[in-house]
Amino acid sequence: MSSRVHACEHTVGVAAPAGVVYGMLADAARWPVFLPSVVHVERLDFDGVQERLRMWELAGEAGAGNPGNPDNNPENAGAGVGVGAGAGVGGVLGGRVGSWYARRVLHPDVRAVVFEQEDAVWPGSVTSGVWSVRPAGETECVLGLRQERGLAVAAADGAGARREAEADVHRRLAQVRRAAGRWEQWDELLLSFEDRVRIEGPAELVYDFLYRIGDWPGRVPHVERTGVCEDVPGIQVVSLDTCAAPGGRTVSTRAVRLCFPHAGRIVYKETLTPELVAAHSGEWSLLPDASGVTVVAAHQVMLRQEAVARVLGAGTGLLEARDHVRAWLSRASTETLGLAKWHAESTVRRLR
């Protein structure tokens, strides 16, 4: 089947300075809290100008793709729907999450990011393009995205694929515009923090406890119910009902978890968040040493400003909301870490 390249380019006005928008595009590691479809971004290589990224994205947010091959998992998956660094038609892992690699070249002098995406589902198929940011005043700019995608000429849905490519560009521009539009409140809306605990036990037991989230209702007091779907090994789609919020009220959330057992890491992105939280991503990471392991629970959160007064009462400011959310999430992660510690250390004592 022959193919041809379909190119599309669109621009959109953004109510943020050009430098702010370019910085957001260049800092791909923070996209999970800025862009709804992005689950996780790994920077594999970076020399200050050129970088290679690995990204996971929600298929439902970014357009459906073909099922990925059964060998795909968080350690070797190479294709999926793209976001930010260049979108492409790719495999969707488990029908829910896509993954792909991309090479990017950063040009801060002209505020441009050139990208080329590697698609492993259709070898030889490459999506490339460039993000550009042009000033339009001190607090406004014009954001552009040009994208070139190979499309099969003989495909019956060729016209539909072209429409999808056009829609994909519009969708990505809209995501960046929405996130950048609140740049003046980022210092108040964004918070990052971590909790850690030292465990005198093997990392394998700790990781097993964190991985088996489906068992948490019987182990972790604040977890009332979990539902776990793991169609592809290492990629969990999880729903939870928890009562860690102040007052003990039940809060329902959903998340995608990417599990990397050999690296001792589980990263996640909530796809259904509590009312006060606009975005929440995090990571459980294990740092082993000669006698045990330190476990770190890291959080990145963006608050939902319009919900603060409704949830916490009239007159409540963002500073109080930050303290409230941090205390709530920290309490939940600290309790979970404490139970992981008990699980690992008590198992070791029984074996001695």
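Using the beta-carbon distance between residue 186 and residue 290 and R0 = 45 Å, what value does 1/(1 + (r/R0)^6) give for FRET efficiency, to the nearest 0.05? Please report the intermediate quantities before stating the final value.
Numbers: r = 41 Å, r/R0 = 0.91.
Computed FRET efficiency for residue 186 and residue 290: 0.65.
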### Message
With θ taken as phi - 60° and the coefficients 6.51, -1.76 and 1.60, list the Karplus ³J(HN,Hα) couplings across the stretch 219-236 in order, rounded to whole Hz; mark glycine and proline as x.
### Response
10, 9, x, 7, 9, 8, 7, 9, x, 10, 10, 10, 5, 10, x, x, 10, 9
#### Entry: Principal axis box of the stretch 184-298, alpha-carbon based, largest edge first, Å
43, 33, 31
### Task
May I have the pair-distance distribution P(r) for the stretch 254-346, computed from all Cα-Cα distances with 10 Å bins from 0 and rounded to whole percent?
14, 40, 28, 14, 4, 0
### Message
Using the basic label-point model (7 angstrom from Cα toward the beta carbon), what is the residue 208 to residue 262 distance in nanometres?
### Response
2.1
### Message
Based on alpha-carbon centroids, what's the gap between the stretch 236-276 and the stretch 297-342 in Å, whole number please?
### Response
13
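Given a 1.4 Å probe and every protein chain left where it sits, what share in percent of the accessible area of the stretch 165-300 is carbon and sulfur? Let's see the in-between values first.
Details: 2870 of 5770 Å².
It is 50 percent, rounded to a whole number.
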### Message
Starting from 0.36 nm per residue, how many nanometres of slack lie between residue 252 and residue 215 once their C-alpha separation is accounted for?
### Response
11.6 nm
### Message
From the gyration tensor of the Cα coordinates in the stretch 137-222, what semi-axes in whole Å does the equivalent ellipsoid have, largest first, with each one equal to sqrt(5λ)?
### Response
43, 27, 12
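What number comes out for accessible area per residue over the stretch 201-352 if the probe is 1.4 Å? Units Å², please. Please report the intermediate quantities before stating the final value.
Values: 6820 Å² over 152 residues.
Spelled out: the 1.4 Å probe surface of the stretch 201-352, per residue, equals 45 Å².
What GluC sites (Glu not before Pro) in the stretch 207-279 are in a loop by DSSP, with at most 13 other Cβ atoms within 10 Å of the Cβ? Write down the numbers at each step before the final one.
On the way: sites: 224, 230, 270, 275; in loops: 275.
Within the stretch 207-279, the qualifying GluC sites (Glu not before Pro) (loop, at most 13 other Cβ atoms within 10 Å) are 275.
Rounded to the nearest 0.05, what FRET efficiency is calculated for residue 171 and residue 346 with R0 set to 41 Å and r the Cβ-Cβ distance? Numbers along the way, then the final one.
Numbers: r = 49 Å, r/R0 = 1.20.
Efficiency for this residue pair is about 0.25.
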### Task
Could you list the residues of the stretch 25-55 with an amide nitrogen less than 19 Å from a label point located 7 Å from the Cα of residue 306 in the Cα-to-C-beta direction?
34-37
### Task
Tabulate in residue order the Karplus-calculated ³J(HN,Hα) for the stretch 289-304, using 6.51 cos²θ - 1.76 cosθ + 1.60 with θ = phi - 60°, rounded to whole Hz; enter x for Gly and Pro.
9, 5, 10, x, 8, 9, 10, 10, 10, 9, 10, 10, 9, 10, 6, 9
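The values are calculated or read from the model by the stated rules, or taken from the named source; none is laboratory data. Nothing here was measured: the structure is a model prediction, and the numbers come from that model. All Cβ positions, glycine included, derive from the backbone under ideal geometry; neighbour counts span all protein chains shown. To get the accessible areas, we keep the full protein, side chains included, count just its heavy atoms, and leave off ligands, DNA and RNA. Shrake-Rupley method; radii C 1.70, N 1.55, O 1.52, S 1.80 Å.
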